[in-house]
Amino acid sequence: MKNTFIAHELRLSYHKNDKLSLPNFTAVNSSKRMNMAFRKIWNTEEISVRESFYAIYFNTKLDVVGYQKIADGGLDMVLVDIRLLMSNALLSNSTRIAVAHNHPSGNLIPSQADKQLTNKIANACRLLDIQIVDHIILTDIAYYSFKDSGDL
């Protein structure tokens, strides 16, 4: 029997999303606006149930060009594949990205793992000449900004 190999074609698809044309997705230049943008795309029914990790991709004017849920996790952790995060940034021609994850516990203080992940993302961004704008931690009622707190 002949062994045949079939390669898979990878495609990035673009779908017009009317939600992205709202004012919440243009000139997202502060942590407050970043918080509002992430809350518009987040599955808010799960924000107090399990951790998730999202990315928003921007052009140079900080207008949103796309977003994606990168991963869902458990009660107190989410595993993030940096390669997936960065490949989406490259494929969407983004020059800037922001990331966010939630803390179902309601605790806004970043863990050591949160800080290590932020550093890892920042290093990947530097290597690819993409600016990381912020890392936001969300709870059901508040948010924490790594940038505002000087951790980024």
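Anyone know which of Ile130, Ile47, Ile82 comes out most mobile in the 10 Å Cα GNM of the chain?
Ile82
For Glu46, Glu51, give the ranking by accessible area with the largest first, probe 1.4 Å.
Working: Glu46 55, Glu51 15 Å².
So, going from the largest accessible area down, we get Glu46, Glu51.
What percent does the relative contact order of segment 17-152 come to when contacts are Cα pairs within less than 8 Å and at least six residues apart?
On the way: 239 pairs, mean separation 33.1, N = 136.
In percent, rounded to a whole number, it is 24.
Just one of [x] 27, 16, 13; [y] 26, 19, 16; [z] 30, 16, 12 is semi-axes √(5λ) of the Cα gyration tensor in Å calculated from these coordinates, so which is it?
[y]
Cβ under 11 Å from Val28's Cβ, Val28 left aside: what net charge do those residues give with Lys, Arg +1 and Asp, Glu -1?
On the way: positive: Lys32, Arg33, Lys40, Lys61, Arg96; negative: Asp63, Asp134.
Net local charge, Val28 excluded: +3.
What net charge do the residues around Glu51 carry, taking every other residue with its C-beta under 12 Å from that of Glu51, with Lys and Arg at +1 and Asp and Glu at -1? Display every interim value, and only then the final one.
Numbers: positive: Arg50, Lys69; negative: Glu46, Asp72, Asp76, Asp114.
Result for the local shell: -2.
Between beta-carbons, use under 12 Å as the cut-off and find the net charge around Leu90, counting Lys and Arg +1, Asp and Glu -1. Write down the numbers at each step before the final one.
Details: positive: Arg83; negative: Asp129.
Summing Lys and Arg as +1 and Asp and Glu as -1 gives 0.
The values are calculated or read from the model by the stated rules, or taken from the named source; none is laboratory data. Quick caveat: nothing in here was measured; it's all calculated off a predicted structure. Heads up, the Cβs are rebuilt from the backbone with ideal geometry, glycines too, and the neighbour counts pull from every protein chain shown. Side chains included, ligands, DNA and RNA excluded: accessible areas come from the protein's heavy atoms. Shrake-Rupley method; radii C 1.70, N 1.55, O 1.52, S 1.80 Å.
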